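Read-outs throughout are calculated quantities, based only on the coordinates presented, and are distinct from any laboratory measurement. Being a predicted model, the structure only gives us computed values, none of them experimental. FYI the Cβ positions are ideal-geometry reconstructions off the backbone, even for glycines, and counts take in every protein chain you see.
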Amino acid sequence: MAKIIPFKALRPRADLADRIAALPYDVYNREEAKVEVAREPLSFLAIDRAETGLPDDVSTYDDRVYARAHDLLSQMIDDGNFIRDEERLYYIYELTMDGRPQTGIVAAAWVDDYDNCVIKKHENTRAEKEADRIRHVDACNAQTGPIFLAYRQNQTIKTIIDATKKQAPAYDFTSPDGITHRVWIIPSENNDTICDAFAGINEIYIADGHHRCASAVRVSKMRREANPSYTGTEEFNFFLSVLFPDEELMIMDYNRVLKDLNSKTEDEFLDELASVALIEKSDERVKPSKKGELGLYLRESGWYRLTIKPEYVNDDPVKGLDVSLLQDLVLTPMLSIGDPKVDPRIDFVGGIRGLGELERRANADCVAAFSMYPTDIHELFAVADAGLLMPPKSTWFEPKLRSGIFIHEI
């Protein structure tokens with residue numbers, strides 16, 4: 001049973017929400033983050049990436065960066081840019097992209113559910129990325145970026161969401177990237193009903209934000225060690241989350257571009273591919289329409305539609321993923337690309353960039369590209385339920401949750 005509780009959010013004044021809300025810290029490199037903060041000084045990115053306000057020779061992981069993040073957050077609170085709710089509440093956060101809404105519950109999730117596998121992960125984390133967010137959360141005494149969680153649809157929760165959304169939203173704005181963001185405050189008389197509904201759910205899944213989640217859990221353990229008489233009700237025992245039902249979620253394709261064909265000509269590569277896939281030349285860009293189908297763009301000869309041969313289809317939750325089939329049948333044996341996390345001969349392009357970006361990359365710094373059919377959310381669930389890990393770059397979630405709309409103080 002999941003322990004998902006209401007909390008007293010620190011959140012922007014309604015007239016400033018559109019200026020404060022920011023894309024996640026890891027969407028930007030340092031220079032891009034500086035440009036964005038210069039464009040909008042109130043952007044929460046100035047806190048999430050506090051190095052943007054320091055000289056370029058100051059390391060992103062310098063002590064001064066975390067001290068600045070703390071000071072900036074405190075100053076924004078003192079300036080009245082944020083308000084604190086006086087009672088524990090659940091919130092609704094709806095993001096609409098291209099006319100498609102995606103609606104989640106904003107709440108605080110219990111850190112112990114991460115360790116006892118009620119909240120399940122599907123990828124490993126990197127120590128250096130974890131360490132950065134641990135220091136950021138610890139310095140700010142707050143979790144500033146929500147973890148993106150998923151659960152199987154629950155009718156009780158859906159009924160409350162639908163009823164609440166008939167009221168006027170607390171926030172309603174469109175960000176520069178065209179995503180519409182709306183927030184509702186769920187009346188507190190629904191708190192017990194929502195809490196009990198989540199208590200009846202045995203599996204919650206991390207969709208996006210593994211590093212933020214692991215960091216929040218680590219800070220909680222640090223605080224527990226520093227406070228051995230803790231009761232378990234302290235805010236550091238919970239982490240900021242937005243929980244979406246499975247039927248709301250859309251996973252986009254996560255595509256691959258290749259720097260070379262391992263000394264093969266295009267014809268030689270196509271001949272090898274024919275051993276594992278049916279190949280059809282296409283006069284148009286190929287966006288796969290079903291599982292087991294891939295698009296291939298070659299710099300010299302253009303687009304092909306590939307269909308994995310039936311004998312290579314696999315029911316294993318990891319080996320049966322399209323990204324795994326590509327890796328195991330093509331990239332490793334034919335192109336000698338081993339670990340895609342570290343091999344410099346492969347790069348990844350999120351589906352949000354479109355098929356035109358695959359062509360551009362293949363014609364510029366690469367020679368070939370594979371367009372993928374998106375991983376299904378239930379494939380992600382199956383991998384996590386089996387206690388396994390997804391291959392690198394298996395899922396691309398859009399739209400991205402904004403930081404700074406909800407802050408959980410610990």
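One table, with the values for the structure above:
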read-out	value
Thr332-Ser175 FRET efficiency (beta carbon distance; Förster radius 56 Å; 0.05 resolution)	0.90
Unit charges on C-beta of K, R, D, E only; dipole of the range 254-373, Debye	420
Where labels lie 7 Å past Cα in the beta-carbon direction, separation of Phe348 and Thr60 in nm	1.6
Cα-projected label distance for Met252 with Ala14, points at 7 Å along beta-carbon direction, nm	3.2
Gyration tensor (alpha-carbon) shape descriptor, the range 279-388, a/c threshold 1.5	prolate
For peptides 79-87, 136-144, sequence by mean Cβ density within 10 Å, most packed first	136-144, 79-87
Sorted by Cβ neighbour density within 10 Å, fewest at the top, the residues Ser394, Ser324	Ser324, Ser394
Fraction of antiparallel bridges per DSSP, the chain only, in percent to nearest 5	90
Helix-derived mean residue ellipticity, 222 nm - over the chain, DSSP H n ≥ 4, -39500 (n - 2.57), to 500	-8500 deg cm²/dmol
Global form of the range 215-268, assessed from the alpha-carbon gyration tensor, a/c cut-off 1.5	oblate
Per-q log10 I(q)/I(0), the range 165-304, q = 0.11, 0.13, 0.18, 0.20 Å⁻¹ (Debye; single scatterer per alpha-carbon; no solvent)	-0.79, -0.90, -1.21, -1.36
The range 68-96 and the range 228-271: distance between their alpha carbon centers, rounded to Å	27
Convex hull projection area averaged over all views, the range 345-400, Cα basis, nm²	4.7
Dipole moment magnitude, nearest 20 debye, the chain about Cα centre, only Lys, Arg, Asp, Glu C-beta charged	380
Distance histogram for the range 286-333 (every C-alpha pair counted, 10 angstrom bins, percent rounded to whole numbers)	24, 54, 19, 2
Relative contact order of the chain, defined on C-alpha pairs under 8 angstrom at six or more residues apart (%)	24
Residues of type lysines that Lys158 reaches as a straight line, Cα spacing below 17 Å, ignoring anything fewer than 8 places off in the same chain	Lys166
Per-selection Kirkwood Rh - the chain (Cα, Å, 1 d.p.)	22.8
Rg over Rh, two decimals, the range 39-182 (C-alpha only, Kirkwood Rh)	0.99
Extension gain (nm, one decimal) between Asp316 and Leu388, 0.36 nm per residue minus Cα-Cα	24.9 nm
Linear extension gain, Asn141 paired with Thr193, 0.36 nm per residue minus alpha-carbon span	15.8 nm
For the range 226-331, Kirkwood radius (reciprocal of mean inverse C-alpha pair distance, Å)	17.3
Peptides 96-105, 109-118 ordered by average Cβ neighbours within 10 Å, highest first	109-118, 96-105
